[in-house]
Amino acid sequence: MLYDYQCQACQSTFEKIYTLAELEKKPVPICPLCGSFKTKKVFLPGHGGIQCDSANDVTWLKSAEEAIKPHHEPPWTSRADYKACLKRNGLQPTG
């Protein structure tokens, strides 16, 4: 399951994917920007709070792939692939 969070220390937003087994342990995510444990689950517009990460559920992924993915990279199958591509190329996703 994919959740959106906001850090209460630095105000950044980030996503975190959990397996069902991890969710049973009620994890507290750590902010990837500042390392704070002061995070809270948020519901961003259009996200619905919980999402799947597959390419079938992310409607904009195919057009983003066509626009920015280098041809030598394998096809994207998730938003995680999109974000990894951005990071490898020195870019940062918004929102």
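The values are calculated or read from the model by the stated rules, or taken from the named source; none is laboratory data. Keep in mind it's a predicted model, so treat the numbers as computed, not measured. Ideal geometry is used to build each Cβ from the backbone, glycine not excepted, and the neighbour counts take in all protein chains shown.
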Selection from region 10-35 of residues among the small types (Gly, Ala, Ser) and either touching a His at 6+ places or on another chain (Cβ under 9 Å) or more than 20 Å from GLN92 (Cα to Cα) (or both) yields ALA21
Of all residues in region 18-58, count the ones that are modelled with pLDDT under 85, within 21 Å of LYS87 (Cα to Cα) and β-branched (Val, Ile, Thr).
1
Can you confirm whether PHE14 is part of a strand (DSSP E or B) and at pLDDT 75 or above?
yes
Give the number of residues within region 58-92 that are outside any loop (DSSP other than H, G, I, E, B), hydrophobic (A, V, I, L, M, F, W, C) and surrounded by 10 or more Cβ atoms within 10 Å (Cβ to Cβ).
7
Look at region 34-43 and say how many of its residues are surrounded by 12 or more Cβ atoms within 10 Å (Cβ to Cβ) and either of a type in the set (D, E, K, R) or more than 11 Å from GLN6 (Cα to Cα) (or both).
3
